[in-house]
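Input: a single structure, listed below in C-alpha cells.
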Amino acid sequence: MKNNKRKIPGMLYILVSFIPWIFYWVLCGMGNRLGVIIPFVISLILIIPQIRKRDFNLMDVTSVLYFSIAIIGTFTFNLNIFVENSGFIGYFVLFLMALISVIIKQPYTLQVSKRDYPEIYWKEKSFLAINNIITGVWTVVFIANATIFLLFGMPLRIILSNNLIALGIVFSILFPLKAPAYFASREFKKYDWSVKVTSQNPKGENEYDVIIVGSGIGGLTCGALLSKRGYKVLVLEQHYQVGGYCSSFKRKDFVFNTGVENVSGLWEKGPISYLLKELGLKKDELFVKNRMRYIFKKKEIDANNLEEFIKVLSDMFPYEKENIRAFFDEAKKAYEECYKDAEIYGTPLPAELIVKVFGERKLLDYPREHPHFYNWMDKAYKQKLDEYFTNEDLKTLLCALLGYVGTEPEKTSASSALTAVIAYYLHGGYFPRGGAQRFADSLKEVIESHGGKVLVHHKADRILVREGKVEGVRVNDKIFRSRIVVANANAKTTFLELVGEENLDEKFVEYIKSLKMSPSVIMVFLGVDMDLASYPTIIENLDDGYSIVINSNADLSLAPKGKASVTILTGDNYHDFSEREVKEYFEKKKKFTEMLIKRAEKVIPNLSKHIVVQDAATPKTFERYTSMPEGAIYAFDQSIYTKRPYFKTPIKGLYLASASTFPGGGIEAVVISGIICANNICNWEVEAP
C-alpha cells in the first residue's frame, strides 16, 4: 500500500484552498478588479496537480469554476457584482458547495482528509461521519459569513468573518484528532475509575491489595504479575485445584486435559511468551509444539509449518495457488501489525485503551500504522475468504479451526479469525507439557513464591459492595478485605449472583442478562493400550465434525509406556442435555460417547477394543466444575456483533479478567485479559510499585 508523501496535512490543506478566496476578498474589498484574476490564477495552480492525478478537491474545483465565471462577468459583460458583492456571493457559493456535498453524501472535506489516511479507512462509517460533521460546520460558517456580509458594514464584517474562518480551520484540524478518541472512549470513561493501592502499607490478617475470585488462567495471570510486582494477592477458588478449563485429571496413570489442547500466543511477540518472560518461566519447560493433521474429503493433510501448509493447499487447489500465497502474505502482515505495539505492555489493546495508554494521536494514526490489520477489522472472516478465493472447498478447509472461536465464518470477525485461527497456521499451536494443570500450577507457584495466597475449596458467596465501591469478598463466614477485586468468574455469575442486581443500574443488568453464551463441547477421554506414536498430536476431521487429541504424543509422561491418552471432542449444545443425575442424561451421555468412539475408529482402527480407561464430560459437567453458565467454553458468544463487557465495571474497584471481557475465549485471549487487568491496577507502570 502506498504511503503518500506530503508536506501539508489533509485538514490543514483547507487553509491552502482558502488562499484564492483571501486574495479575492481583500482585493475586491479595495475595489480592485484584479481580485478576480489573481484568485483564478492561484486556483489553476492548485488544480493542475489534481488534474494529473485525476484526484480533485471539490473546493479547488469550485474556485476555478467560480473565478472563471467572475472573470467573464467582470471583463466581458462589465458587471461589478463579483467585485462589489464579493463577500456575500463568494460565501454563498461556498455554502452551496458544502451543502450539496453533504446532501449527496460526499462531504467536501473528505478529499482532503484522505491525504492523512490509508485507502482502507476511506469507507469507514466513522471516517465519513467525522467528515460530515466537519463539512456541516463549514456549511454553517459559510452561510453565517454570507449573512454577515449582507447585514454588516466594515470593519465588523471583516472581523466576524475572519474569526469564523479561523475557528473553522482550528475545528477542522482538532476534531479529527479528538473525535475518534471521543467515540472510542465515551462509554468506557463511565467506568474508568481509579483505585490506588499502595503495596507498602501494612495489611491485616485478612486484608489484601487485590483479591481474585476464580483461578482460571486470566485470574492467575493477573495475580502472578501483581504478586511479582509486590502486591499482596489472594486467589479464591471453589474447586480443589486451580486452572478452570486449563486443568488436568488422572485416571489409572493416564492424564487428560479438561479443555486446553492447542495454545497460541507463544511466538516471539506472543502474549504468553511475554508473560513467561515476565515471570521467569521457561517456554520449553511448559509447552511443546503440536503436530497437526486435517482430514478433508477423505484426504489426510499434514503440515508442520506455514510453507508446508501453503504447498499442500497449492497442490490441492492449483488454480488458487497465487491467491493462497497472497492470502497468507497479507494475513502475516496483518497479524504482525496487530502485535506491533505489544512489546511495551505484552498485548494488543482495544481502541479505548489505546487512547488511555498511548494518547489520542496513536488512535488517529492507527489505520496508517496498521493498514493490513485494519483491513481485517469490522469484516467477517467469510468476506476475507471471498476476497481471495472462489473454490468453496478451499474456503471450508481454511475454516477448519473455527471451532477455536465457536462461530460460523459469516459471523466470525476477520480479526478474531486472524488471531485465533490463522495464528496457528503462521506460528503453530502448543500443548502444555505435563498436562494443562502444570501451566496453571506454575502461575499459582509464582503467586505463592511472592507472598500471595491461593485458597482452594473457597467458593465466593458475595463480592461486598458499599456505595458503589468494592470492600472485599465473603466466603461462608469469612470476610476478606480489599479495595480491588478481580472477578475471574463469568460476568453473569459475577454481576447477577456475587455483586447482586440491587448494586447495579437496571440497564446494565438487562445488558448482562441479554448476552448469549458460547457453544460448549462434549469430550470423551480414553486411556488405550495402543502405541499411537505414528499419529500426530491433533487430528481435525472436517468430514465428520470432530477432533482427536493424542495427548501422550505431545508428552510421553501422560500415559504409561506403549499406551496412549486420547481425547475425542465435538461441539455440543448445553440445552440438548437434561439435568444431571436423571436417567435421560446418562443415556444421552452414553450415546454421544459411543458415537464419538465409533467415528474415531475410522481414523484409529480398532480403538474401541483397546480401551483401558473411559470417561466423558458434557456441557453439564463443565458447568458443574467451573460454574460457567451452560458450560460455555468461550464464555459469551463470539459472533462479530457481540459486545463483551469492559474489563472495568460499574462497581468501583471491581475488574474482570476472563473470557467474559476483551478479547474473548481461549488461553491466549484470557492471558491478554489478565495482563491488561494487572497493568491497569499498576496504573500502566510495569515495574514493581
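The values are calculated or read from the model by the stated rules, or taken from the named source; none is laboratory data. These numbers come from a predicted model, not from an experiment. Using ideal geometry, Cβ is built from the backbone for each residue, glycine included, and neighbour counts are taken over all protein chains shown.
Confirm whether Val36 is at pLDDT 90 or above and more than 23 Å from Leu99 (Cα to Cα). The answer is yes for Val36. Of the residues that sit in the stretch 542-583 and are of a type in the set (Gly, Ala, Ser), surrounded by fewer than 21 Cβ atoms within 10 Å (Cβ to Cβ) and closer than 18 Å to Asn262 by Cα, which one is modelled with the lowest pLDDT? The extreme case among them is Gly571. Only one entry of Gly429, Gly452 meets the criterion of being under 28 Å from the mean Cα position of the chain (by Cα), at negative phi and either surrounded by 20 or more Cβ atoms within 10 Å (Cβ to Cβ) or small (Gly, Ala, Ser) (or both), and that entry is Gly429.
Among the residues making up the stretch 152-188, those that are hydrophobic (A, V, I, L, M, F, W, C) and not in a helix (DSSP H, G or I) are Phe152, Met154. Restricting the stretch 483-514 to residues that are aromatic (Phe, Trp, Tyr) and more than 28 Å from Val242 (Cβ to Cβ), the residue that is farthest from the chain's Cα centre (by Cα) is Phe508. Taken over the stretch 460-488, the criterion of being within 22 Å of Ile676 (Cα to Cα), of a type in the set (A, V, I, L, M) and touching a helix residue (DSSP H, G or I) at 6+ places or on another chain (Cβ under 7 Å) is satisfied by Ile463, Ile484, Val486, Ala487. Within the set Lys232, Lys299, Lys250, the sole residue that is closer than 29 Å to Val521 by Cα and out of contact with any helix residue (DSSP H, G or I) (no Cβ under 8 Å at 6 or more places or on another chain) turns out to be Lys250.
Considering only the stretch 211-247, state which residues are within 26 Å of the chain's Cα centre (by Cα) and hydrophobic (A, V, I, L, M, F, W, C). Result: Ile212, Val213, Ile217, Leu220, Cys222, Ala224, Leu225, Leu226, Cys246. Scanning the stretch 528-556 for residues that are in contact with a helix residue (DSSP H, G or I) (Cβ under 8 Å, 6 or more places away or on another chain) and closer than 15 Å to Phe287 by Cα yields Thr537, Asn551, Ser552. Among the residues making up the stretch 274-303, a single one is buried (at least 19 other Cβ atoms within 10 Å of the Cβ), within 20 Å of Ser673 (Cβ to Cβ) and not hydrophobic (A, V, I, L, M, F, W, C): Tyr274. Scanning the stretch 620-636 for residues that are out of contact with any Gly (no Cβ under 8 Å at 6 or more places or on another chain), within 30 Å of Ser415 (Cβ to Cβ) and of a type in the set (Asp, Glu) turns up at least one hit.
Looking at this structure, is Arg438 in contact with a Pro (Cβ under 7 Å, 6 or more places away or on another chain), within 22 Å of Glu336 (Cα to Cα), basic (Lys, Arg) and in contact (Cβ under 8 Å) with a residue 40 or more places away in the chain? It is false that Arg438 is in contact with a Pro (Cβ under 7 Å, 6 or more places away or on another chain), within 22 Å of Glu336 (Cα to Cα), basic (Lys, Arg) and in contact (Cβ under 8 Å) with a residue 40 or more places away in the chain. Against the test of being part of a loop (DSSP other than H, G, I, E, B), outside the structural domain of Glu410 (by TED's automatic domain parsing), closer than 21 Å to Tyr546 by Cβ and out of contact with any strand residue (DSSP E or B) (no Cβ under 7 Å at 6 or more places or on another chain), the options Lys602, Lys620, Lys609, Lys643 yield a single qualifying residue, Lys602. For Glu261, the conditions (1) without any contact (Cβ under 8 Å) to a residue 24 or more places away in the chain; (2) charged (D, E, K, R); (3) closer than 26 Å to Ala632 by Cα all hold with the exception of (1).
Can you confirm whether the stretch 338-350 contains a residue that is touching a Lys or Arg at 6+ places or on another chain (Cβ under 7 Å), without any contact (Cβ under 8 Å) to a residue 40 or more places away in the chain and assigned to a loop (DSSP other than H, G, I, E, B)? There is no residue in the stretch 338-350 that is touching a Lys or Arg at 6+ places or on another chain (Cβ under 7 Å), without any contact (Cβ under 8 Å) to a residue 40 or more places away in the chain and assigned to a loop (DSSP other than H, G, I, E, B). Among the conditions (1) in contact (Cβ under 8 Å) with a residue 60 or more places away in the chain; (2) surrounded by fewer than 21 Cβ atoms within 10 Å (Cβ to Cβ); (3) among the hydrophobic types (A, V, I, L, M, F, W, C), Ile538 misses just one, which is (2).
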